[in-house]
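S.K.: This structure is in structure tokens; I'll ask about it shortly.
The values are calculated or read from the model by the stated rules, or taken from the named source; none is laboratory data. Given the structure is predicted, the values throughout are model-derived calculations rather than measurements. Here Cβ is always computed from backbone atoms with ideal geometry, including for glycine, and neighbour counts include all displayed protein chains. Accessible surface areas use protein heavy atoms only, side chains included; no ligands, DNA or RNA. Shrake-Rupley method; radii C 1.70, N 1.55, O 1.52, S 1.80 Å.
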Amino acid sequence: MVTNNGIVYLIALPLIGSLLLLLLGRKADKWGHLLATALSASSFAVGLFQLSEMLSRETENRPVTQKLFNWISVGSFNVDASLLLDQLSICFVLLITGVGTLIHIYSISYMSHDKDRRRFFAYLNLFIAAMLLLVLGDSYLNLYVGWEGVGLASYLLIGFWNQKQAYATASKKAFVMNRIGDMGLSFAIMIAFASLGTVSFSGVKEQAHYASEATMTAIGVALLIAAVGKSAQFPLQAWLGDAMAGPTPVSALIHAATMVTAGVYLIVRSNFVFEAAPTAQLLVLIVGAITLMFGAIVGTAKDDIKKVLAASTMSQIGYMILGAGLGPAGYAFAIMHLLTHGFFKAGMFLGAGSVMHGMNDEVNMRKYGALRKFMPITFITFGLGYLAIIGVPPFAGFYSKDMIIETAFNAGGLKGILLGSTALLGAAITAFYMTRVMILTFTSPKRWDEDQHPHESPILMWAPMAILAIGSVTSGFLLSRGNALKHWLEPLFEEHGEHQELLAPIVVSGLTLLMVAIGVASAVIKYQLSDVDEVAPESVSTFTRFARRDLLQDDINEALFMRPGQAITSALVKIDERVVDGAVRGIGKIAIGSGAQLRKVQTGYVRSYAALILVGAVALIAAIWVVTQ
Amino acid sequence: MINFYSPTLEYSLLAPILIVLGGALIGVLIEAFAPAASRTRSQLFITLTSLVLSLAALIKVRNEGSASAAMESVTFDGAGVLLQASILVLAIISVFLLADQENFTALAAALPGSEQERDSLRQDLKVTEIYPLTLFAVAGMMLFPVATDLITLFVALEVLSLPLYILAGLSRRRRLMSQESALKYFLLGAFSSAFFLMGIAYLYGYSSSVSLSGIHAAVVGGSGNDIYLLLGIAFLSVGLLFKVGAVPFHAWTPDVYQGAPTAVTAFMAAATKVAAFGAMLRIFYVCFAEAYWQWRPALIAIALVTMAFGSLVAIAQKDVKRMLAYSSIAHAGFLLAGVISLNKSGLDATIFYLFVYGVATVGAFAIVTLVRDSAGEVTDLNRWSGLGKRSPWVATAFAGFLLAFAGIPLTSGFIGKFAIFSAAYESGSTAILITGVLASAIAAFFYIRVIVLMFFKDPIEDGTTVVIPSLFTQVAITISTVITFALGIYPTPLINFIQSTAQFIR
């Protein structure tokens, strides 16, 4: 493969920015945010340059690598710290640095009153660098470094506003759930290392043909666990809603456009693993289908605008995972939806931030209404994102979502019908809850107090929103024209055979639009044409109540994992501190030392410790004895 | 009629140990004859000089392997050199911490709370005996992993242990607790030494030999009574597992770690682990390798329980030293994974892990010594909240060590864990891999909780401050931090060196 020594600048620029801002401390307060923004923008420029270079090369020469140094070299096992820039990673590079830069610009104004703005920008830059490392690593181990790095940066960013207890708790839940995902990734790496002898993408791809299906399934399932944790998919979805406690630009960057899509990247990148492991691939489909419904249902019941967007993100990533599970036919569409989603969802998050900015940080949509008149630009940009997400042609979401639904139907047999119908139903619910957001926020009568003075945000905030809105309008058309993205990514995947068509594309599009129309219409009837309560009504159906409680995700997690976990821990602590002593007390008091100084300052008595050693020794002998016999 | 031979000693190979012992003796003479005022400085000088000289001697002879450095009692080989070098490096870093006399009592013999104690504090007396005691302990630790007959092994065990018992009781503050923990450590240590001796007796009964090669020959020949072998392995293991703090022989660890002066805890936690695991590696790899089907399942069980137990109980700890103690128990479990791998990559991985874990441990405890209020060190974790806002550098360094313990990439801990679990998986222990990764994930939870506490919670205004570190402590923390991150980013040279060097001569 061709070597290109320019790749590292993509990562180095934001990394340098974050280090400078952290090391210089208060000295950089005046200009730190500008430097960070400039460095993020230059990284985007490097990305554009790389893209133009890549376009000028022949298809087979497009992927380029750069070896940084020899990281681990243990006998025959060799891991270089190397970067790989190919057709897939360049998409992510441009998304991360592009949206990232816009969010930097937005944050200059959004965070202008925060005395720690410099630190915030340092973390933003750190996040960008880590995320780039994640998508540019050429092996699972390098990816893992970026993977942990974005985790770290995201805790720093979520926890940035840590005056409130809720923020700390949110960080904690996000941490635990992500940890489970990270564990999945380390399992995958160690299994690949131990049974395939390599952890690089190219190495695993090569070995995938020879390895047993059981091995590939194990790796695939472990990778899926990793993706599920990072991308907030069922059953590790609970953290995303709570993570909304962080600053809104962070939600736009991390929880909409970039980090949460890392799971999709991982699955698409590991396409060779899932091709060799049908069971794991089926699991991917199931996870995607469940999550897209789960998120959509939760989205209908939330009153907090950011939580609705979070639920919607979860659901849209469900679509992407579904697409990624559909094999070579779906990879390109999963990535296309990821890119278009990056535009419209980031735009809507920034829009939500703009609304909150004008409404004294109020997030309850029942306290909004009629903001169209006061925030016209926000309304228009948010509205364009809205049209994109529900999938109205010719806006971006129409192209990408429609293709996923179509491919799902074409998956064949009962599976195809089930998946296709789920995706179709999800589209209707999406249309419903997003219309609800639009109506409650912008077009319904005003429900806010007189002391609120809603106003449009400054240009530094609305300009990024406008740019993202342009993306929400055009990106779908541009990426799907002549199957541009599909052909671009094609060389990376092993296509096999033609797929049968269950329904003609035009029928699928028609059905989808019909479902969307139904969703929009019911929302209009329920919210625009009738009055909206200022507080959420109490007498609602059980179903609504469940949806408001995120379909009981926290209760289930608590009952299944938290309580037993706590019980085990406290039981062990008790055993360690008391039970041992209690059990031994009967044996008699062994005289130890000169009493007075050995009062029970600490919980442990020497005699009980000694007895424990004795018990251990007997157990050890017994164990060896049993084995020997 | 028994013939006696005068022993032949390869002095050049024994020089590293002899230099440390010589330094210790000079230290004793200084205590006896030098005026009190000049003792601190001269002791520190002698201690550091002899440790550095010993390291130099070790580097000089590193390629001269020999199975008979002292008549089969001491075997000098690649693995031994690496372990000795690790112990010396860790000891040197720890001595920088010991040099901060604020940690130690003014007069060890004075009763806590007595008039004599107040006098000694007023006169600003110093317990300079800690230096020769440390050197004696280091000498014992260096002998422990190279000893190849069981009697020498036992002598080394006692030489390394006895000074530690005393050192553990010398804390300046909370002296009752410190003395209690020292006595506890001593009693339990004696108890486990008795097991160790019993093990030696059984193994002699089994093989009519106390040398590792002799016992190995008997194991291979299979002529002895297997019951004796079984009991011998079990009892010997109890003694070793006690020293490394594996469950269920761990109970002393939290109490002693908490009670001992923090500098001593650092030294003990880092260097003792290297010595004890070094000896364990030699015994199981050289002596009992062929009887693996007997001891391996039991040791795997202990490793699993130790990892899980240490990680889970650490979650509930509210004292930073106790938390680090339980974390060290969990790490003992991870290290056991290397011992039971019983292959070359297991040996390499264990040696690497021992070194990097030791360095991070010394660094972490060094930082504990800095967080104080008017009554001494503050080890209550709740009072560490907001530390990152007041002292970002200290908190960042501590966070770095915790990330290394947690095995996050770009720290040395990640490379160590990766190497050791892969070695275990290679040897067929899927259970170790799964439990190990699970336990690391649980462990990461409480490490990160401390980081969150330091950086994301508001400081409590209760007089908890970070003192400006003395030059010595600064050096210790800097060295540890640099090593921890350097070996995470670029571990290849050290790994290659260990791979090419680490081997046991039978």
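S.K.: Roughly how many nanometres apart are two label points built 7 Å out from the Cα toward the Cβ at B:Asn496 and B:Val28?
M.R.: Output for this residue pair reads 4.5 nm.
S.K.: If you don't mind, another one. May I ask you to derive the relative contact order of chain A, considering only C-alpha pairs under 8 Å and at least 6 residues apart, and to give it as an integer percent?
M.R.: Here the relative contact order equals 11 percent.
S.K.: I would also like to ask the following. Please tell me which of these pairs span more than 20 angstrom C-alpha to C-alpha: A:Lys307/A:Lys367; A:Lys345/A:Lys446; B:Lys417/B:Lys457; A:Lys306/A:Lys401; A:Lys230/A:Lys307?
M.R.: A:Lys345/A:Lys446; B:Lys417/B:Lys457; A:Lys306/A:Lys401
S.K.: Also, quick follow-up: Does anyone have the angle between helix A:140-158 and the longest principal axis of chain A? Alpha-carbon axes, 0 to 90°, nearest 10?
M.R.: 80 degrees
S.K.: Please give the solvent-accessible surface of A:Val79 in Å², to the nearest 10, using a probe radius of 1.4 Å with every protein chain present.
M.R.: 0 Å²
S.K.: If one takes the longest principal axis of the Cα atoms in chain B, at what angle in degrees, from 0 to 90 and to the nearest 10, does the Cα axis of helix B:344-368 lie?
M.R.: Roughly 20 degrees between the two axes.
S.K.: Farthest toward the dipole's positive end in region B:1-156, which of B:Ser66, B:Leu83, B:Ala37, given Cβ charges of +1 (Lys, Arg) and -1 (Asp, Glu) about the Cα centre?
M.R.: Ranked along the dipole, the leading option is B:Ala37.
S.K.: Can you list the aspartates and glutamates whose alpha carbon sits under 18 Å from that of A:Lys302, skipping same-chain ones fewer than 8 residues off?
M.R.: Hits, sequence-local ones excluded: A:Asp242, A:Asp361, A:Glu362, A:Asp531, A:Asp533, A:Glu534, A:Glu538, A:Asp550, A:Asp554, A:Asp555.
S.K.: Under 11 Å from the Cβ of B:Ser213, count the other residues' Cβ atoms, weight Lys and Arg +1, Asp and Glu -1, and hand me the total.
M.R.: -1
S.K.: Summarise the accessible area of the protein assembly as shown (1.4 Å probe, protein heavy atoms) by the percent that is carbon and sulfur.
M.R.: Ligands and nucleic acids excluded, carbon and sulfur give 66 percent.
S.K.: Volume per residue, Å³, of the convex hull around the alpha-carbon atoms of chain B?
M.R.: Dividing the Cα hull volume of chain B by its residues yields 140 Å³.
S.K.: To the nearest 10 Å², what's B:Ser192's accessible area with a 1.4 Å probe?
M.R.: 10 Å²
S.K.: Would you calculate the separation in nanometres between label points at A:Ala622 and B:Glu461, each defined as 7 Å from the Cα along the Cα-to-beta-carbon direction?
M.R.: Result for the modelled spin labels: 5.8 nm.
S.K.: Keeping all protein chains in the complex and leaving out DNA, RNA and ligands, what accessible area do you get for A:Asp29 with a 1.4 Å probe, in Å² to the nearest 10?
M.R.: Ignoring ligands and nucleic acids, A:Asp29 comes out at about 50 Å².
S.K.: Additional query: Rounded if a/c is under 1.5, else prolate if a/b is larger than b/c, else oblate: which is the protein assembly as shown, with a ≥ b ≥ c the root eigenvalues of its Cα gyration tensor?
M.R.: prolate
S.K.: Same structure again: What angle do you read, to the nearest 10 degrees and between 0 and 90, between the alpha-carbon axis of helix B:78-98 and the longest principal axis of chain B?
M.R.: Computed tilt is about 20 degrees.
S.K.: Now a separate question. Note the buried accessible area between B and A here, summed over both chains, with a 1.4 Å probe, in Å² to the nearest 100.
M.R.: Buried area (both sides, nearest 100 Å²): 5900 Å².
S.K.: Compare each residue of region A:113-150 in its chain alone against the assembly with all protein chains, and report those whose accessible area goes down by 20 Å² or more; 1.4 Å probe, heavy atoms.
M.R.: In region A:113-150, residues shielded by partner chains: A:Leu141, A:Tyr144, A:Val145, A:Glu148.
S.K.: Picking from A:Ser231, A:Leu338, A:Leu22, whose Cα lies most toward the positive end of the charge dipole for the protein assembly as shown (charges on Cβ: Lys, Arg +1; Asp, Glu -1)?
M.R.: My answer, from the dipole projection, is A:Leu22.
S.K.: Among A:Met375, A:Gly351, A:Leu529, which residue has its Cα positioned farthest towards the positive end of the charge dipole of region A:302-548, with +1 placed on the Cβ of Lys and Arg, -1 on the Cβ of Asp and Glu, and the dipole taken about the Cα centre?
M.R.: In region A:302-548, that residue is A:Leu529.
S.K.: Starting from the residue with the highest accessible area, list B:Leu453, B:Leu241 in decreasing order, probe 1.4 Å.
M.R.: Sorted by accessible area, descending: B:Leu453, B:Leu241.
S.K.: Under 13 Å Cα-Cα from B:Lys318, which aspartates and glutamates qualify once same-chain neighbours fewer than 8 residues away are excluded?
M.R.: Within the straight-line limit of under 13 Å, B:Lys318 reaches these aspartates and glutamates: B:Asp380.
S.K.: Mind checking the dipole of region B:391-506: about its Cα centre, +1 per Lys or Arg Cβ, -1 per Asp or Glu Cβ, Debye to the nearest 20?
M.R.: 340 debye
S.K.: Still on this structure: How would A:Arg179, B:Arg173, A:Arg57 rank on accessible area, largest to smallest, probe 1.4 Å?
M.R.: These residues rank, largest area first, as B:Arg173, A:Arg57, A:Arg179.
S.K.: While we're here: What's the FRET efficiency of A:Leu24 with B:Ile151 using the Cβ-Cβ distance as r and R₀ = 60 Å, to the nearest 0.05?
M.R.: So, using R0 = 60 Å, E works out to roughly 0.50.
S.K.: For the protein assembly as shown, what is the accessible area per residue in Å² when the probe is 1.4 Å?
M.R.: The answer is 35 Å² per residue.
S.K.: Further, regarding this structure: Restricting attention to the alpha-carbon atoms of chain A, what are Rg (one decimal) and Dmax (integer), both in Å?
M.R.: My reading of the Cα-based Rg and Dmax gives 26.8, 92 Å.
S.K.: Give, as a single signed number, the net charge of other residues whose beta carbon lies under 14 Å from the beta carbon of B:Ser68, with Lys and Arg counted +1 and Asp and Glu -1.
M.R.: Local net charge: -4.
S.K.: Near A:Tyr265, within a Cβ-to-Cβ distance under 13 Å, what is the net charge of the other residues, with Lys and Arg +1 and Asp and Glu -1?
M.R.: +1
S.K.: To continue, here is another question. Which of the aspartates and glutamates could a cross-linker span from A:Lys115 if the Cα-Cα distance has to be under 12 Å and same-chain partners fewer than 8 positions apart are dropped?
M.R.: A:Asp29
S.K.: Another question about this same structure. Rank these by accessible area, largest first, 1.4 Å probe: A:Leu15, A:Leu224.
M.R.: Largest accessible area first, the list is A:Leu15, A:Leu224.
S.K.: Per DSSP H run of n ≥ 4, the term is -39500 (n - 2.57); total these for chain A, divide by its residue number, and report the mean residue ellipticity at 222 nm rounded to 500 deg cm²/dmol.
M.R.: It comes out at -22000 deg cm²/dmol, rounded to the nearest 500.
S.K.: Moving on. Please work out, to two decimal places, the log10 of the ratio I(q)/I(0) at q = 0.12, 0.17 Å⁻¹ from a Debye calculation in which every Cα of region B:270-386 carries one identical scatterer.
M.R.: -0.51, -0.86
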